[in-house]
Amino acid sequence: MTWTPPPYPYDRLAPLREKAAALPGGVVDLSVGDPTDPPPAAVVAALASSGAERSYPTSVGSPAFRSAASAWMASRLGVDVPPSLVGACVGTKEFVAGLPAWLRLRDGGRDTVLFPAVSYPSYEMGALLAGCRAVPVPVDRGRTVLDAITADDAARALCLWVNSPGNPAGGLDDLDAAAAWGRAHGVPVVSDECYAEFTWDGPARTILSSGLEGVIAVHSLSKRSNLAGVRSGFYAGDPDLMAFLLEVRKHAGLMTPGPVLAAAAVALGDQAHVAEQRQRYEERLVRLREVLAIAGVEAALPAGGFYLWVPAPDGDDWGLVERLATHGGLLSSPGEFYGEAGRGHVRIAAVAPLDRLDLVADRLRA
């Protein structure tokens, strides 16, 4: 039997992108969480002047990078994780999509990946790429419904993914409860925390706060520092899991480039630019709500992240995506991109500057 990969979700928006682009002023693309703001000048300077270009980087990450990640977790998340339990990844999407294959090598008797029913598509795709069962777990008001996981699925699970703040809906999960469930069932829990810096309801949080046993936290500089183009992230947690993953990834040749590691270490050591970015996203989320109200659509602000998760009138997510693109030039994503349970909603990323959002507002008024 051969497997044919499905169309990449965002490629399906191409016809609507063309419609929006045809309007005066062009498309305002809020379909993907693609940062548009500049990274700090000191980070760009470090990227250009590290002198690390000529040598192979270490797969685990440079000592400076691992120490910077460890220090950032202590400062921002209040957890003590030694640098030896930190590993670099080539952007976290690579890690998300590849992890099930590595875990299946570790435990060939298990074949199931559990993930939130409304979530980033790569959790499910990582399972499929590894030849695993992909089993969605219901989410209620941002929290994984752990009681909905059957005993059979728990016994077969390679891992449980949680994502907090969540993409696309912006909810905050009970990470302590997820960690406890994993330990009780012998299932590693992997927490995607790439939007932690944009937690609006309370402080940033991590699954590592309940201890390192049985858990891995995943963090990215793409959103935090507007460095999506350089592909830098890290994972950290349980000593046994980390020892396995750090070693197997060496054999796979997965290496973050040396200049990227140098720049990322500088970025992790600076919090001022993150505070500025938080303010930008807060302002844009509020403005986006106002823009949608012009179109007669209501949306609540998220507890975290920089997306609006918008209930579509009459539950027609594609209909709302088309209306916003045709009349406002705003490109958004239908909820079905994030699982069957996401149907009836639309995700809109607050990544465009305010003047571009004002342009959408003017078009909708007209």
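The values are calculated or read from the model by the stated rules, or taken from the named source; none is laboratory data. All of these numbers come straight from a predicted model, not from anything done at the bench. Here Cβ is always computed from backbone atoms with ideal geometry, including for glycine, and neighbour counts include all displayed protein chains. For the accessible areas, the whole protein counts, side chains as well, though only heavy atoms, and no ligand, DNA or RNA atoms are used. Shrake-Rupley method; radii C 1.70, N 1.55, O 1.52, S 1.80 Å.
Yes/no per residue for (1) touching an Asp or Glu at 6+ places or on another chain (Cβ under 6 Å); (2) touching a residue at least 60 places away in the same chain (Cβ under 8 Å); (3) open to solvent by 60 Å² or more (accessible area, probe 1.4 Å):
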position: 91; (1), (2), (3): no, yes, no
position: 94; (1), (2), (3): no, yes, no
position: 147; (1), (2), (3): no, no, yes
position: 157; (1), (2), (3): no, no, no
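Of the residues that sit in region 323-346 and are surrounded by fewer than 23 Cβ atoms within 10 Å (Cβ to Cβ) and either touching a Lys or Arg at 6+ places or on another chain (Cβ under 8 Å) or of a type in the set (A, V, I, L, M) (or both), which one is nearest to residue 224 (Cα to Cα)?
The residue in question is 337.
Can you spot a residue in region 177-189 that is at pLDDT 95 or above, touching a strand residue (DSSP E or B) at 6+ places or on another chain (Cβ under 6 Å) and within 22 Å of residue 310 (Cβ to Cβ)?
No; the residues of region 177-189 include none that is at pLDDT 95 or above, touching a strand residue (DSSP E or B) at 6+ places or on another chain (Cβ under 6 Å) and within 22 Å of residue 310 (Cβ to Cβ).
Can you give me the number of residues within region 46-83 that are open to solvent by 50 Å² or more (accessible area, probe 1.4 Å), closer than 16 Å to residue 230 by Cα and more than 25 Å from the chain's Cα centre (by Cα)?
Of the residues in region 46-83, 3 are open to solvent by 50 Å² or more (accessible area, probe 1.4 Å), closer than 16 Å to residue 230 by Cα and more than 25 Å from the chain's Cα centre (by Cα).
Scan region 124-143 and tell me whether some residue there is crowded, with 18+ Cβ neighbours inside 10 Å, touching an Asp or Glu at 6+ places or on another chain (Cβ under 6 Å), in contact (Cβ under 8 Å) with a residue 24 or more places away in the chain and not small (Gly, Ala, Ser).
yes
So which residues in region 96-121 are open to solvent by less than 10 Å² (accessible area, probe 1.4 Å) and either of a type in the set (Ser, Thr, Tyr) or in a loop (DSSP other than H, G, I, E, B) (or both), if there are any at all?
112, 119
Name the pairs: first residue in region 5-17 and touching a residue at least 12 places away in the same chain (Cβ under 8 Å), second residue aromatic (Phe, Trp, Tyr) and surrounded by 10 or more Cβ atoms within 10 Å (Cβ to Cβ), Cβ to Cβ under 6 Å, at least 6 apart or on different chains?
Correct list of pairs: 9/337.
Within region 159-171, identify whether any single residue is out of contact with any Gly (no Cβ under 8 Å at 6 or more places or on another chain), polar (S, T, N, Q) and part of a helix (DSSP H, G or I), and answer yes or no.
no
Look through region 267-285, keep the residues that are in contact with a Ser or Thr (Cβ under 9 Å, 6 or more places away or on another chain) and either assigned to a helix (DSSP H, G or I) or without any contact (Cβ under 8 Å) to a residue 24 or more places away in the chain (or both), and return whichever of them is nearest to residue 75 (Cα to Cα).
Looking at the filtered set, the residue picked out is 268.
Filter region 200-231 down to the residues that are open to solvent by less than 30 Å² (accessible area, probe 1.4 Å), more than 22 Å from residue 122 (Cα to Cα) and not in a loop (DSSP other than H, G, I, E, B) and list them by number.
Hit for region 200-231 is 208, nothing else.
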